[in-house]
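The values are calculated or read from the model by the stated rules, or taken from the named source; none is laboratory data. Every value quoted in this text rests on a predicted model; they were computed, and no experiment measured them. All Cβ positions, glycine included, derive from the backbone under ideal geometry; neighbour counts span all protein chains shown.
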Amino acid sequence: MIAEFYVPGASFLHRWDARAKLLFLPLVLAAFFVPSTPVVLLVLAAMIAALVAIALGPSQLLPPLKTLWPVLILITVLTPPFHLAGPALIRVGTVTLLTHEALATTLTLLARFLGITYGFFAVVRAMSLDDLVLGLRWFGLPYSACLVVTITLRTIPALALTWHAVRDAHRLRAGRGDRGRPPVVKTYLPVLTSVMIEAVKGIPVLAMALESRGFGRRNPRTSFSGLKEGSRLFVDAAGLAAAAVALLWPLVVRW
């Protein structure tokens, strides 16, 4: 299981210390949950998206959208009917379809959802799992909890790769039988079954990997690599402070 979200690079976001990037996430969350106007939240989301585009490349803006588009559509469609108070913007006869409150609420939810998603995406894509574990341990998170985070971030892309490989294999071996079954069942049920079998087969490998990493042992742990110290850490902390000011400045102006 060598697949992971991390994308190697030499951008400023990659060069940031892991601890600085981990502190960046709470700032993003705080910025999007502070009461504000939809315009300010959309500006914050656009700034974080620009950060992703500059550090990881414009093409990295598409994967989150491809994954989240059903949720974004549901937010856009289902939010207005529950916020019909206030002046109407769109009305058909006597039926109000969109109000000022509904539009503001919808834009706020979309901005928060996209901004938080791109914030996590930027950090995870620009930080290796080794640095992530070292950073979490530096903040005092137990080693067992760090392993849970590592396994999760490696299992998801590994299962995605397995899904695509199994799906391609099934397409190559597809026959012309079972015409009575619906296309969805015919397409996805065999693939899902094969993926589940492969996941079960990987349990012993995962158990051996945990054992080799000393999972459950109580003795002090050592590491082959370490985090930055001294002036380099100070520079990264200063960069984080500048980024925090840039992100939170619209909120400061708003208040």
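What to note about this one:
- Filter pass, residue 24 being touching a residue at least 40 places away in the same chain (Cβ under 8 Å) and loosely packed, with under 13 Cβ neighbours inside 10 Å: no
- Qualifying residue in segment 187-195 (condition: more than 24 Å from residue 124 (Cβ to Cβ), in contact with a Lys or Arg (Cβ under 9 Å, 6 or more places away or on another chain) and modelled with pLDDT under 75): yes
- Criterion violated by residue 85 - all others in (1) in contact with a Lys or Arg (Cβ under 7 Å, 6 or more places away or on another chain); (2) modelled with pLDDT under 85; (3) not polar (S, T, N, Q) satisfied: (1)
- Criterion: β-branched (Val, Ile, Thr), surrounded by fewer than 20 Cβ atoms within 10 Å (Cβ to Cβ) and either assigned to a helix (DSSP H, G or I) or modelled with pLDDT of 85 or more (or both) - qualifying residue of 67, 96: 67
- Residue among 123, 133, 149, 166 that alone is modelled with pLDDT of 75 or more, at negative phi and surrounded by fewer than 16 Cβ atoms within 10 Å (Cβ to Cβ): 149
- From the list 115, 86, 140, the lone residue that is within 28 Å of residue 12 (Cα to Cα), touching a helix residue (DSSP H, G or I) at 6+ places or on another chain (Cβ under 6 Å) and outside any strand (DSSP E or B) is 115.
- Taking segment 40-62 as the range and being exposed (fewer than 14 other Cβ atoms within 10 Å of the Cβ) and on the phi < 0 side of the Ramachandran plot as the test, the residues that pass are 50, 54, 58, 59, 62.
- Any hit, segment 71-78, residues being in the same structural domain as residue 35 (by TED's automatic domain parsing), part of a helix (DSSP H, G or I) and closer than 30 Å to residue 14 by Cα: yes
- Condition broken by residue 82, with the remaining ones in (1) closer than 30 Å to residue 147 by Cα; (2) of a type outside the set (Gly, Ala, Ser); (3) surrounded by fewer than 13 Cβ atoms within 10 Å (Cβ to Cβ) satisfied: (1)
- Counting only residues that are farther than 16 Å from residue 242 by Cα and not in a helix (DSSP H, G or I), segment 14-54 holds 4 of them.
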